[in-house]
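Working notes, structure below.
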Protein chains: 2
Amino acid sequence: MEVLERLVELLVILVAAKVGAEVMARFRQPAVIGELLIGALIGGSALKLVGGADGGLLSTLAEIGVILLLFEVGLETDLRSFTRLGTSALAVALIGVATPFVLGYFAVRLLPIGGGSTELAIFMGAAMTATSVGITARVFADLRRLHTDEAKTIIGAAVIDDIIGLIILGVVAALLGGNGEFSAGVVVGITAKAVGFLLVVVLVGTLVAPLFFRLLLALRVEGSFVVGSFVFAIAVGLAAERLAGLEPIVGAFAAGLVAGQTRFSDRIQAELRPIAFLFVPIFFLFIGTEVELAAFGNTEILVAGAVISLLAIVGKVVSGVGVMSRSIDRRLVGVGMIPRGEVGLIFAALGANELREVVGAGENAIVVLMVVITTLVAPVMLHRMLRRRPLEPDSVEEATTSAMGKILDSPVTGSPEQDATQQPPPEG
Amino acid sequence: MEVLERLVELLVILVAAKVGAEVMARFRQPAVIGELLIGALIGGSALKLVGGADGGLLSTLAEIGVILLLFEVGLETDLRSFTRLGTSALAVALIGVATPFVLGYFAVRLLPIGGGSTELAIFMGAAMTATSVGITARVFADLRRLHTDEAKTIIGAAVIDDIIGLIILGVVAALLGGNGEFSAGVVVGITAKAVGFLLVVVLVGTLVAPLFFRLLLALRVEGSFVVGSFVFAIAVGLAAERLAGLEPIVGAFAAGLVAGQTRFSDRIQAELRPIAFLFVPIFFLFIGTEVELAAFGNTEILVAGAVISLLAIVGKVVSGVGVMSRSIDRRLVGVGMIPRGEVGLIFAALGANELREVVGAGENAIVVLMVVITTLVAPVMLHRMLRRRPLEPDSVEEATTSAMGKILDSPVTGSPEQDATQQPPPEG
C-alpha cells in the first residue's frame, strides 16, 4: 500500500469518526457510540473501506489513541481525593466490580454462552467490571448534577474500578494468553506483578517525573514539551508491557497519575489535547471495525447480548448498597455506575486480537453490545430519576472541565487558549 | 511487525529527532540539520534502527509531517504583502531561481556528474532553486535583523521562490516520473496544470474555506476544529496529487494560503502547532534515513557535492542584483537567500523514491549535502557582514512569531496559550 493510499485511509477514518460522533451528539447520545457504529459500518465486515492491507496503520494509530486516552484519565485522577471521598466510593467500586464479574461468569458457564468454557466466562465477567469515568461524568454534566454527593461518589468509585479493571485486564490477558494454567498462585503472582509495577511507577515516577518535565522545559528546541509528554505516556506504556507483562494502557494510566501530581499537569493536558483529539476517536472507530456485523444477525448472540447487558446493569445497580451515608441516594448511585466504556472496549480489542483463540467473533460482539446498551440505558434511567429534583446551574462550568469528557463526547466550548487554566485572566 | 514494535520505532524516531535537534541548537545551528544527521545515523545505511519492515509507518508519518509543514508555510504567507514588497523581491526570486538552476544543470551535463544525463541535470538544477523561508527567517531573527529592508526583501523573495520551486517540483516529478518525453509543449502543459490548480484552489478556496471552518466551529463534538483543519490540509494535498498530478505538498501549501486568508488563521495555527511539533521533525529525520552514508566515503561524490554547493551559493548571491532600491544592501540580500531547506529536501525524498531510476543514491547524497552546507554557511557569512551594524533589539519578539521558524528550529519561548495572538494581553 502506497503512502498516499494510507493517507486516504487516514482521511476516511478521521472524517467517518467525526460524522459518527456528530450524528450521535445531535441525538444527545455519547459520541463514542457514533464512532463505534461508523467503525462497524466502514470496517472489514461491511464496507471494507479501512483496515485492509494498510500495514497495521489503523491498529497502530488506535493503540496510540487508547494510550493517550488512559494517560489523560490518569492525569485527571486526583490520588488525594480517594481519602477525602471516604469509604463509600471504595465499597461501591468493589461491589460494582465483584457482582458483574460473578453474574457474567456464571451466565457464560450455566446458560451456556459460546460453549461455556471457563476461559470465556472469566473474559466475559472481567469485561463487565469497569464503569466508564468519562461517560458517567458526561451524563451527570448533561443533567447538571456533577456537584451532587451522588455524582462525586460515582466518579470516585468509577476511577477505583477503572484501576481494578485494568489490573484484572492484565491478569486476564496474561492468564488466557499464556499456557492457561489456572491456579490461585498464578493469579496472585500476576496480580502482585501488576500492583507492584503500578506502585513502582507511582513511587519512582513521583520523584523522577518533575525532573523530566523540568528538563523538557529547559530544552531549546520548541515543541520539546509536548513531544516529550507524548513520549512519556507511550514509553511507560511500553515499559508496562515489556517489564510486567501488563497492557500498555495500564502503564499509560500510571504515567498519567504521576504526571498529574506535578505542577505541569495543566500544561501537559492543554498541549496534548489537540493530539488526543486526533488519535482517540481512531481507537473507538477501530473497535467498531473489528466487530463482526454478521454476528448481530444471529439470534443466539442477540439473546446472549441482551442477557449479559441486563446482568451488567443489575450488577452495577446492586453496587449502590455500598453507600454508607444516609443522605446519598443509593439507587441513583447504582444507576449512575451502569455505563461501561473504554475498559470494556479494550477487552473487546483484546478479544479480537491476542485472545482470538478463546473469544469468538460472536462473544466479542456481545461485549460491544453490552457497552453500547449500558451506555445508552443509563442516561435514560437517570433522566427519569432526576426529573423531580432541582437543577444546579452553577455546575455547568465544572462539567466542561473534564478533558476526558471532552475527548469522549462533549460539545465545543471554546478555543484552546480560553481553556488554558494557567493563564491569569485579564483584569483591565 | 507488531503494533508494539511499531510504537517502539515511533519512540526511537521522536527521541532521536529531539536529541539531534537539541544538540544542534546548543551549537546555535538549525535544528533541521540535527534531525537530518541523526536520521542518517539511525537509518537503513547505518544503525538500521528504523524504517525497516514497519509497513510504511515512518514514510507515512513523514509525509504527514511535510504536508503540515507546507500548510503552515502557506498559512503564514500573506498574499497581499507581495504587492507591498514591490518588484525587488520578485526580481530577486526569479534571478535566484534561474541562476542556480542553470548552474546546476550545466554542472551535471558538463563535468559530468553521475553520468550527466539530461534528466539528472534537470533534477539537480531544480533541487537548487528554492531558498528556505523558515531557515532564512530564523537566521535573521537570531541576528536581530528581521525588521530590516534586506530581511523583508529576502523573505518576500523566498516565499515567491518557494511557490516557483513547488511548481518546478510538480513539473519535474511529472516529467521525470512519466515517459520522459521532453518537449516545450509537455513542460508548458504541466506548468499550466500546476498553476491552474493553484489558482483554482486559491479562488474556490477563498469562497469555500470560511464556510468550512465556520461549519467546524458549529459542530458539537469537541476537537472537530483541529481535526477538520488537519483533514483540510491533507485532503487538498491529496486532491493536488489526484487531480493535477502535483506533489501533495503543493496542494497543502495552497490550502494553507487559503486558510491563512480567513479570520480563523491564528486559531488554526495555534491548534495545529502541537500536532506539527510531533510530525514535522519526523520528515527531516526520514530524509536523513534515506541518505546512503556510504556515498560520503566516495571522493567523487564529495567533490561533486562541494561543486554543487558552491554553485548553489554563487547562484543565490547573484540574485542580489535584482534589488531595485539603492538603500538596500544587494550583497546582504544575496547571501541571505543562500539557505536551502524543506523544498530541497523534498526533492531529495522524491529522488530516493519516485525518481529512483533517474537519481542514484550518490546524486541524492549530493542534494542533501548541498542543503546542509548552504544552511550552515549562510549564518556564518551573515554574522561577519552584519557585525559592524547596530542591533535592533525590538525585533526579537517578531522573530519568534513565525510558527514555521519555531517548528524548524527556534528555542522555547513560552507555553502555547501565551503564544495565542488572538488573546488580548492582561492589562492589570
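Tabulated results
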read-out: Test: residue in segment A:306-322 that is at pLDDT 85 or above and assigned to a loop (DSSP other than H, G, I, E, B); value: no
read-out: Unique match (being of a type outside the set (D, E, K, R), out of contact with any Pro (no Cβ under 9 Å at 6 or more places or on another chain) and not in a helix (DSSP H, G or I)) among A:246, A:285; value: A:246
read-out: Residue A:198 vs. criteria in contact with a Phe, Trp or Tyr (Cβ under 7 Å, 6 or more places away or on another chain) and more than 14 Å from every other protein chain (Cβ to nearest Cβ); value: no
read-out: Any chance residue A:243 is surrounded by fewer than 16 Cβ atoms within 10 Å (Cβ to Cβ), closer than 30 Å to residue A:354 by Cα, hydrophobic (A, V, I, L, M, F, W, C) and away from chain B (no Cβ under 12 Å); value: yes
read-out: From the options B:103, B:94, residue that is assigned to a helix (DSSP H, G or I), in contact with a helix residue (DSSP H, G or I) (Cβ under 6 Å, 6 or more places away or on another chain), in contact (Cβ under 8 Å) with a residue 40 or more places away in the chain and surrounded by fewer than 24 Cβ atoms within 10 Å (Cβ to Cβ); value: B:103
read-out: Set B:245, B:320, B:256, B:334: member being under 18 Å from residue B:376 (Cα atoms) and not basic (Lys, Arg); value: B:334
read-out: Single match in A:285, A:293 (criterion: modelled with pLDDT under 95 and under 17 Å from residue A:32 (Cα atoms)); value: A:285
read-out: Residue in segment B:80-89 that is among the basic types (Lys, Arg), assigned to a helix (DSSP H, G or I), at pLDDT 85 or above and over 20 Å from residue B:349 (Cβ atoms) present; value: no
read-out: Residue B:17 being outside any helix (DSSP H, G or I) and in contact (Cβ under 8 Å) with a residue 12 or more places away in the chain; value: no
read-out: Selection from segment B:23-73 of residues that are over 13 Å from the mean Cα position of the chain (by Cα), assigned to a helix (DSSP H, G or I), within 11 Å of chain A (Cβ to nearest Cβ) and farther than 16 Å from residue B:10 by Cα; value: B:23, B:24, B:25, B:26, B:31, B:34
read-out: Those helices (runs of 4 or more DSSP H) lying entirely in segment A:335-428 with at least 2 residues in contact with a helix residue (DSSP H, G or I) (Cβ under 7 Å, 6 or more places away or on another chain) and either crowded, with 16+ Cβ neighbours inside 10 Å or at pLDDT 80 or above (or both); value: A:342-352, A:361-386, A:403-409, A:416-419
read-out: Those residues of segment A:2-22 which are out of contact with any helix residue (DSSP H, G or I) (no Cβ under 8 Å at 6 or more places or on another chain) and either closer than 29 Å to residue A:377 by Cβ or within 9 Å of another protein chain (Cβ to nearest Cβ) (or both), in sequence order; value: A:2
read-out: Which listed residue, of B:255, B:218, is within 14 Å of another protein chain (Cβ to nearest Cβ) and loosely packed, with under 15 Cβ neighbours inside 10 Å; value: B:218
read-out: Leading residue by the ranking (surrounded by the most Cβ atoms within 10 Å (Cβ to Cβ)) among those in segment A:169-195 that are among the β-branched types (Val, Ile, Thr) and more than 14 Å from residue A:125 (Cα to Cα); value: A:190
read-out: All positions within segment A:310-329 that are surrounded by 16 or more Cβ atoms within 10 Å (Cβ to Cβ), without any contact (Cβ under 8 Å) to a residue 40 or more places away in the chain and more than 21 Å from the chain's Cα centre (by Cα); value: none
read-out: Residue within segment A:298-308 that is farther than 27 Å from residue A:360 by Cα and touching a Leu at 6+ places or on another chain (Cβ under 8 Å) present; value: no
read-out: Among the candidates A:249, A:268, residue that is within 14 Å of chain B (Cβ to nearest Cβ), crowded, with 24+ Cβ neighbours inside 10 Å, among the β-branched types (Val, Ile, Thr) and more than 19 Å from the chain's Cα centre (by Cα); value: A:268
read-out: Any hit, segment A:131-148, residues being assigned to a helix (DSSP H, G or I) and more than 18 Å from the chain's Cα centre (by Cα); value: yes
read-out: Some residue of segment A:108-117 being crowded, with 24+ Cβ neighbours inside 10 Å and of a type in the set (Lys, Arg); value: no
read-out: Residue that is under 19 Å from the mean Cα position of the chain (by Cα), surrounded by fewer than 24 Cβ atoms within 10 Å (Cβ to Cβ) and not basic (Lys, Arg), where the choices are A:207, A:238; value: A:238
read-out: Verdict on residue A:166 being among the aliphatic types (A, V, I, L, M), buried (at least 22 other Cβ atoms within 10 Å of the Cβ) and either in contact (Cβ under 8 Å) with a residue 60 or more places away in the chain or not in a helix (DSSP H, G or I) (or both); value: yes
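The values are calculated or read from the model by the stated rules, or taken from the named source; none is laboratory data. The shown structure was predicted, so the numbers you read here are calculated from the model rather than taken from an experiment. Heads up, the Cβs are rebuilt from the backbone with ideal geometry, glycines too, and the neighbour counts pull from every protein chain shown.
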